[in-house]
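Engineer: Sharing a structure below in C-alpha cells format, with a few things to ask.
Derivation of every value follows stated rules applied to the coordinates shown; laboratory data play no part. From a predicted model like this one, the values you see are computed outputs, not experimental measurements. Don't worry about glycine lacking a Cβ; one is built from the backbone with ideal geometry, like all the others, and counts go over all protein chains shown.
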Amino acid sequence: MMDDLGATKPRPALDAQALRGEFPIYQNNPGLVFLDSGASAQKPRAVIDGVAEFYRRDYANVHRGVYQLSQRSTDHFEAARETTSAFLNAADANEIVFVRGATEAINLVAQSWGPAFVQPGDEIIVSDLEHHSNFVPWQMLCERMGARLVLAPTDASGGFDLAAFEALLGSRTKMVAVTHVSNVTGAILPVERIVQLAHTKGAKVLVDGCQAIPRMPVDVRAIGCDFYVFSGHKVYGPSGIGVLWGRYELLTAMPPWQTGGGMITQVTAEHTEFQDPPHRFEAGTPDISGAVGLKLALDFVEGLGRDAIREHEEMLTGYAIDRLSRIPGLNLLEGGQRRISVLSFTLDGVHPHDVGTVLDQHGVAVRVGNHCAQPLMDKLGIAGAVRASLGVYNDRDDIDALAAAVEACREMFSR
C-alpha cells in the first residue's frame, strides 16, 4: 500500500466485526460464535459468489477442448496454479500439484516417493504432534517397505524438542514429516531449523502446513523443505481442493500415483508414457471450481495481509490463554513458547463431549475429541479435549463468550 509520495503505509489492524460482513454464515446464523476454523474455515462472499459465477459463465472441462469456453476454464484453472505458486513463493508454478486436500497430498508422496526411495532398515521421523494424516501414511509405508517409524518428541512445555530430534537423525533417516503448526496445541514448530538438521543427514522433509497457511506468511524456499502441503478449506476456500508443493526435481523423479485421463502423453497396448509434473499427478477431471475458489480465497487472504492476520491471531491467542487460564478446573494443553490460534483444554470432572454440547447451547461452536492425534493424546494421558481455533472473523468478544460458556458448564456439572 503506497501513498502519493511512494512511502509504504502500514496496513490497518484487522477489524473482525467488520469482516463478519464478508461471511454470509454470520448473517444466516445470528449470534454465532464460531471457534472451529482449525477444522474448516468459513467462506467469504468473494469465494462463494466467485465460484457460482464461474459455473454460470466459464465452466467447461480443462486442458482438452479447443473451443473458447474450455480455453477460458483452463485459463482460470492454471491461473489458480500461478496464484498458489506465488502465495508459497515457489520457484515454478509447475511445482504446484492440485489434489483433494492435504491428506491426499501426503498419501501421494508416501505412496509415490516412498517406495522409490525408502529401503528396508531406513527410518522415517514424524513428530508426536502429528495429525493422523501425517502419521498413518508413513506408518503404512514403513510396514510395506520394512522401514522404521521414529517419533520425535515434544518437551515438557509442549514445544518441539530440537535436541531430541537432532539425536534421532542418522544415516538411515530418509524422510522427516512434521506439522508447521499443531492442530491440537497451536505450537509453531521451528521448521527451518528442522529442515537444516535433516538435510545434513541427506533426509527429505515434508511439512504439513494446514494450520499455518491461513495464519502466517509461508515461503517454501525460505523454509527449505522438500514438500509442503495444505488444504483449501482451512484457508477460506472450498472443500475438496488441496495443494502439494514439491521441488520439481523430486516430482520428476516420482512415478505416477493414480492413472487415468489427462496425465498421459501416449498409450499403446505395450507401454504408457506419462506427462511431466504437475499433470503427471492430476489424473482425471480435476476439481476445477475448487481451484477457482482456492485462488479467490488466497486473493482474499492476501488482501487482508498475512502479517496483519498473524498479528491479529497472535494477539487473540494471548488473550485467550490469559482468559481461559483463570477458569478454575480448566487445563490448557501446553504448546510451548510459540503458539498461535489453536487452544485445547480439558475441564475437571466433565467429559469433552459434554463441554461441547453445553457450549453449543450457548451459541459457541468448538471441536471435541482426540482431534485425529491419538499418539499425542496417549502421551498426555487423556482421551480427548475441547478445542477452540481462531479465524480472521474472531475477536475478544468471542473469547469472552467462550469463557462465559465454559464457566456456565463448570457450574452446571458442579451441582
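Engineer: With each pseudo-label sitting 7 Å past Cα toward Cβ, what's the residue 407-residue 270 distance in nm, one decimal?
Structural biologist: It is 7.9 nm.
Engineer: Right, something else. What is the ratio of the Cα radius of gyration of the range 168-211 to 2.2 N^0.38 Å, where N is its residue count, to two decimals?
Structural biologist: In units of the globular-protein estimate, the range 168-211 measures up at 1.18.
Engineer: Would you kindly give the portion of the calculated P(r) for the range 51-302 that falls above 28 Å, as a percent of all Cα pairs?
Structural biologist: Working: 10495 of 31626 pairs.
In whole percent, the long-distance tail amounts to 33.
Engineer: Under the Kirkwood approximation for Rh and a Cα-based Rg, what ratio Rg/Rh is obtained for the range 337-402?
Structural biologist: Rounded to two decimals, Rg/Rh equals 0.98.
Engineer: Find how much the distance from residue 68 to residue 116 grows on full extension, using 0.36 nm per residue of separation minus their present alpha carbon separation; answer in nm with one decimal. Mind showing how you got there, number by number?
Structural biologist: Details: separation 48, 0.36 × 48 = 17.28 nm, distance 4.06 nm.
Stretched out fully, the residue 68 to residue 116 stretch lengthens by 13.2 nm.
Engineer: So, one more: Listing 326, 415, 339 from the residue with the fewest other Cβ atoms within 10 Å to the one with the most, what is the order?
Structural biologist: Ascending Cβ contact count within 10 Å gives the list 415, 326, 339.
Engineer: Which of the GluC sites (Glu not before Pro) found in the range 237-329 are in a DSSP loop and have at most 14 neighbouring Cβ atoms, other than their own, within 10 Å?
Structural biologist: 270
Engineer: Which residue, 295, 201, 234, has the most motion in a Gaussian network model of the chain that connects Cα atoms within less than 10 Å?
Structural biologist: 201
Engineer: Just give me a number: lysine pairs in the chain, eight or more positions apart or cross-chain, with C-alpha atoms less than 13 Å apart.
Structural biologist: 4
Engineer: Set the Förster radius R0 to 51 Å, insert the Cβ-Cβ distance between residue 326 and residue 285 as r into 1/(1 + (r/R0)^6), and round the FRET efficiency to 0.05. Please list the in-between numbers first.
Structural biologist: Values: r = 53 Å, r/R0 = 1.04.
Calculated transfer efficiency: 0.45.
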